[in-house]
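Notes follow once the structure below has been shown.
Just so you know, all these numbers are worked out from the coordinates, no wet-lab data involved. None of these values were measured; they are calculated from a predicted model. Cβ sites come from the backbone with ideal geometry, for glycine too, and all protein chains shown count toward neighbours.
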Amino acid sequence: MEKKNIRNTSPEELADFLTSHGEKSFRTKQINQWIWQKGVHSFEEMSNLSKTTRELLESAFYFDTLRAERVQTATDGTTKTAWKLHDGLYIESVLIPGKDKFTVCVSSQVGCQLGCRFCATGTLGFKRNLSPGEIFDQVLFARQNAAERGSSLSNIVFMGMGEPLYNYDNVLTAIQKITDENGLAMSPYRITVSTAGIPEKIRQLADDDVRFNLAVSLHAAKSETRSRLMPVNQAYPLEQLAESLKYFVQKTGTRPTFEYLLIAGINDSLDDAQSLAAYCKQFPIKINLIEYNNVEGSAFKRSPDKQRDAFVHFLESRNMIVNVRRSKGKDIDAACGQLANKQKKEI
Ligand code: SF4
């Protein structure tokens, strides 16, 4: 019999399996607590199960654990981990220190099919979706790492490798386990899912009444510029994206965030700021302006400070909520769009 991934097995399937092998179905709850609350990665550790039950589980299931392949810590304390998956593929996650707590940036896919021009992950192409367990483990290990450093993990952002909404079910299952009181019991309000802007999936999030925050990588409010930066804009134009955001805001009553990477000479003029302000008039929104990290060999360059300040000033003069995000972990390529740089060279 081929073994199944225990963390892809629903409680109902597990209960069926147990009862069909003469075990009590209440074991399901105990097993799920070991997996999602205590975060174990082997049946041996499930000490309140009999040896026979553990052997039964071992004979039918496996764990798709992550193995830390390379850990790099930058001078500012940002840690990037390259994880080797059970099938030999790689993903990365980044632990970012804040004032007194940590944020983890997690991946949702191996590679990405969307090919945003400023993004190293996009050049890898798409390999596969991550399972709920593989997403969950990035958070679990980040929590352990933060605790070892005398702190705790407060925020989770899905801004690593991949388009989270193209792995919709697994991302939502992982978030359910991360927020469930029989799981890691973290607040959904501390979780942000960032998408390149897939309108039908944004509507689905609204219909599913999600409690986490939504961020959209906008990067340009002019169609031509956005298509140049993000090919996804051709399939899902700005107008369609705006309609889905209106729907999301109306259904959830929340204010999403636009991520806007400022790139010199591409999207950082006052004319670009004006287009952005006009686009944002359609719904309540916050803007995160992100500094571009110059990457060797890239045609894109970081916007000069003076230009950035003028851009911010313009938006603020239109009463918009703007945060400027200064990239962390620069000396280890841990910024947005730079994940997978190194592993790519090694694959
Ligand atoms: S920025 Fe995000 S959506 Fe775009 S290619 Fe990179 S990982 Fe994919």
Calculate the dipole size of the chain relative to its Cα centre from +1 charges on Lys and Arg beta carbons and -1 charges on Asp and Glu beta carbons; express the result in debye to the nearest 20.
640 debye
Rounded to whole Hz, the Karplus (6.51, -1.76, 1.60) HN-Hα couplings of region 174-188, x for glycine and proline
4, 5, 4, 5, 6, 9, 5, 5, 8, x, 8, 6, 8, 6, x
Quick check on the chain: of the DSSP beta bridges with both residues there, what percent are antiparallel, nearest 5%?
45 percent
Angle, helix 11-20 long axis vs. longest principal axis of the chain, Cα atoms, 0 to 90°, nearest 10?
10 degrees
Name the residues whose placed amide hydrogens come within less than 5 Å of the amide hydrogen of Val216, ignoring near sequence neighbours (fewer than 5 apart) on the same chain.
Thr195, Thr257, Phe258, Glu259
Which whole-number percent gives the relative contact order of the chain, counting Cα pairs below 8 Å spaced six or more residues apart?
15 percent
Using the alpha-carbon atoms, what tilt in degrees (0 to 90, nearest 10) does helix 270-280 show relative to the longest principal axis of the chain?
50 degrees
Order the peptides 158-171, 43-56, 118-131, 267-280 from the highest to the lowest mean number of other Cβ atoms within 10 Å of their residues.
158-171, 118-131, 267-280, 43-56
Would you calculate a helix-derived [θ] at 222 nm for the chain, using -39,500 (n - 2.57) for each DSSP H run of n ≥ 4 and dividing by the full residue count, to the nearest 500?
-10000 deg cm²/dmol
In terms of the alpha carbon gyration tensor, root eigenvalues a ≥ b ≥ c, rounded if a/c is under 1.5 and otherwise prolate when a/b exceeds b/c or oblate, region 132-222 is prolate
Scan around Val157 for amide H atoms under 5 Å from its own, H built in the peptide plane at 1.01 Å from N, and keep only partners 5 or more places away or cross-chain.
Val104, Cys105, Val106, Thr192
Under the rule a/c < 1.5 gives rounded, and otherwise a/b versus b/c splits prolate from oblate, where does region 45-190 land using the Cα gyration tensor?
oblate
Is there a pair in Lys24/Lys51; Lys84/Lys127; Lys101/Lys286 whose C-alpha atoms are over 18 Å apart, and which pairs would that be?
Lys101/Lys286
In terms of the charge dipole of the chain, which places +1 on Lys and Arg and -1 on Asp and Glu at the beta carbon, the residue among Tyr62, Ile321, Leu114 farthest towards the positive end is Ile321
Picking from Leu241, Leu184, Leu14, which is most flexible by a Gaussian network model of the chain using Cα springs under 10 Å?
Leu14
Rg(Cα) / (2.2 N^0.38 Å) computed for the chain, rounded to two decimals
1.05
Can you give me the C-alpha center-to-center distance between region 57-101 and region 286-307, rounded to a whole angstrom?
27 Å
Translational diffusion coefficient (Stokes-Einstein; Kirkwood radius from C-alpha pairs) of region 172-265 at 4 °C, 1.567 mPa s, in µm²/s
91 µm²/s
I need the phi-derived Karplus couplings for region 218-224: 6.51 cos²θ - 1.76 cosθ + 1.60, θ = phi - 60°, integer Hz, Gly and Pro marked x.
9, 6, 5, 10, 9, 4, 4
Computed over region 191-318, the convex hull of the Cα set has an average projected area, in nm², of 7.8 nm²
